[in-house]
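The values are calculated or read from the model by the stated rules, or taken from the named source; none is laboratory data. The shown structure was predicted, so the numbers you read here are calculated from the model rather than taken from an experiment. Here the Cβ positions follow ideal geometry from the backbone for every residue, glycine too, while neighbour counts run over all protein chains shown. Surface areas here come from the heavy atoms of the whole protein model, side chains and all, with no ligands, DNA or RNA. Shrake-Rupley method; radii C 1.70, N 1.55, O 1.52, S 1.80 Å.
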Amino acid sequence: MNTRVESGRPFVVWLIVLMLIAYGLLGPVLLRIGAGSTATITEVRRTGGAEPQWFNQYWWVVAYEFRAADGKVHGGHTRVLAHDTGPRGYARVEPVVYLASAPWLNVLRKEAGFDAGTVATLGAALLILWLTRARKGASSAPARRVSSRGAGSRLGRASATHGAATAMTVDQSLRWLLGYRRQSRLYAWLFFAAVIPVVLLVIWLEVGELNDEVLGSLAFFILVFLALALGSRRQTSAAWRAVVVDKQPSEQGAGGTLVLALKHGKQRKLRVSSPLFDYFAPGDAVFKLDGFEWPEKWEPDAGRRVCIACGGVIKGERRTTACPHCGAPLPAHEAMQTLAPRA
């Protein structure tokens, strides 16, 4: 299958992975390159009730202060499970390592090495990378079934005027496009509902007890996250047709911004990746469907097309049914034009 995708993982995936790696490697990195000092334990307090799953142990917060090379006093804390008599193994004065340029990044030396938490955090980052890996080829069993069912039907055509070919019929494409639009809304709200208890658990564990402070923090998160979700859904649900009037390359040299002219003299700016930036050109008529993130050309490109679900630019001469990157079906261009807004 001579099909390949010109796209990478979404930025948010890399952001989450990098945050997990940074969190997991903070201690080991500071142990190697960080500055050293001595910290004075200033407070040891129990938070919350007993944890039955941990043999009736309690969460304890161990707070400390130290003087960094800049002469200023900085603080830090760690959390540990221990019995009601308090955590053991902490002296009045403990060695601490910190980043000289940012002393707020610090950890007690005894907790700076590799441990089970480090392994679990790095494992989570690797799992996310594996789940979001590029999937090569589209000659899977479902693809072959769709191709065989499409025999004798109206197929997406492979030609210089119809871009990378698809084996989906127009009817199949319309059903998938409409179903994806419905499901995307459902999944977005299910994700929102699933995140709330996770955030509540994290805040609860950090504070140590379920009180007004925890509930207030959760309410603030819900308001902010709801505003972001509604803003994101507004962008996704927008459907429009436009003409590319300008391209502005990014100062970082990766991708850039498309300037689009819509109806009634309105303009829209759309930040895109390098493959999409190269794919579109001034003068191209483009459209975006409700429920999808990325636009496509009104007149198909020769031998190329955009996966409107993930934004990958796909090249290929043979007929295929799915995006090699995200696995989403590639609908017939005529079906997308049918659902596009009128000019």
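Here are some notes:
- Answer residue from segment 331-343, given it is assigned to a helix (DSSP H, G or I) and aliphatic (A, V, I, L, M) and is surrounded by the most Cβ atoms within 10 Å (Cβ to Cβ) among those: Ala335
- Residues that are open to solvent by 40 Å² or more (accessible area, probe 1.4 Å), out of contact with any Asp or Glu (no Cβ under 9 Å at 6 or more places or on another chain) and on the phi < 0 side of the Ramachandran plot number at least 1 in the following strands (runs of 3 or more DSSP E) confined to segment 47-129: 57-67, 93-99, 102-108.
- Here segment 185-216 is the region considered, the condition is being open to solvent by less than 50 Å² (accessible area, probe 1.4 Å) and of a type in the set (Gly, Ala, Ser), and the residue that is modelled with the highest pLDDT is Gly216.
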